[in-house]
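The values are calculated or read from the model by the stated rules, or taken from the named source; none is laboratory data. The model shown is predicted, which means the values in this text are computed figures rather than measured ones. Every residue, glycine among them, receives a Cβ derived from its backbone with ideal geometry; neighbour counts consider all protein chains shown. Only protein heavy atoms, including side chains, enter the accessible area calculation; ligands, DNA and RNA are left aside. Shrake-Rupley method; radii C 1.70, N 1.55, O 1.52, S 1.80 Å.
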Number of protein chains: 2
Amino acid sequence: MSQRNTPVPAEEVVAEACPLREVLDRVGGKWSIQVLVAVVRGPIRFTELERSIDGISRRMLTLTLRSLERDGLLERTVYPTVPAKVEYRATPIAEELHQHLVGLTQWAERHRSDVAVARRAYDLAAKATTGLTQPFGPRTNTA
Amino acid sequence: MSQRNTPVPAEEVVAEACPLREVLDRVGGKWSIQVLVAVVRGPIRFTELERSIDGISRRMLTLTLRSLERDGLLERTVYPTVPAKVEYRATPIAEELHQHLVGLTQWAERHRSDVAVARRAYDLAAKATTGLTQPFGPRTNTA
DNA sequence: CCGCATCCTAGAGGATACTG
DNA sequence: CAGTATCCTCTAGGATGCGG
């Protein structure tokens, strides 16, 4: 699609990439997305989250929740019963974000196999060069 | 939008979150996105990339490029001139991915201020509880 | 039930020097 | 020009135990 060829206007690259980094800073953590996905389905309690997200530690769940709450993606409600009950729910902007993430999910599923193929090809070519020294060029198309 | 409330079907959460993690594994690195954005604009050489991405080291640029190439998002072409010339270009699936990322960018820009506000509110409330002990509940809505 | 405090480790990423 | 090799730092995240 795009086919421009300036010596690369450095500042434009930054301008476009920067907001993306902001997103990743919120959602790029190891657990953020799974928490987000779980919470978007409806209000959910701490322990339920802990159970539905396999492998997460209490500590990381807390940290992730705090981080998302801090950014306004989650809302925390404490019911002062004994023992206490805490509920988390997604805010509107989180649900909106989630929609975009669904787009990414679909991309991933559409191209999962393409990526796998590319990966095998690459690793194979790499092994070829690392192994015996081939008569012709290394691992890439020498055009 | 969503308002279901089962004890959270754990496996569905995994099923939805997993492809997303795959995407992040490719693009979640500190530099991947900036490289992607730069490359999508058209074929570009190593040194041009190095110049257009501020703060990146030769090492990290190489690693990031290799990683993206391995996943079939970038294509590397070596022109055997002296000194050598290497060109990187985005593959179709990378451009497709880029489209989705643009969606995320727009979300980020739409809600940049909302997030900033939420953040200040949170930090302020936190400071309140950490500081003097307030007569009424901690930092969250006790419903 | 919900969470904070503490300790610890692996690996991402920076700085720098060398090379076909 | 376009990388590799080496070394070093720093922090995200895991394990565990206590407490309201």
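Quick notes on this structure:
- Pairs of Cα atoms nearer than 8 Å and 6+ residues apart set the relative contact order; for the stretch A:68-122 it is 24 percent.
- Anisotropy class of the stretch A:30-96 from Cα gyration tensor, a/c 1.5 cut: oblate
- Solvent-accessible area buried by B and A, counting both chains, probe 1.4 angstrom, square angstrom: 7400 Å²
- Label spacing, shortest first and in nm, from residue B:120 to its equivalents in the remaining copies (7 angstrom along Cα→Cβ): 5.5
- Copies compared at residue B:109 - label distances in nm, ascending, label defined 7 Å from Cα in the Cβ direction: 2.9
- Area accessible to solvent at residue A:26, 1.4 Å probe radius, in Å²: 30 Å²
- Distance to the B-onto-A rotation axis is smallest for one chain B Cβ; residue and value in angstrom are B:28, 2.
- Förster radius 25 Å - calculated FRET efficiency between residue A:12 and residue B:113, Cβ distance, rounded to 0.05: 0.65
- Per residue, in Å², the accessible surface of the stretch B:1-115 once ligands and nucleic acids are set aside, probe 1.4 Å: 47 Å²
- Relative contact order of the stretch B:45-88, pairs being alpha-carbon contacts under 8 Å that are 6 or more residues apart, as %: 37 percent
- Annotation for the stretch B:28-73 versus the stretch A:42-119: alpha-carbon center distance of 30 Å.
- Summary for residue B:54: label point 7 Å along Cα→Cβ; distances to the equivalent points in the other copies, ascending, 4.4 nm.
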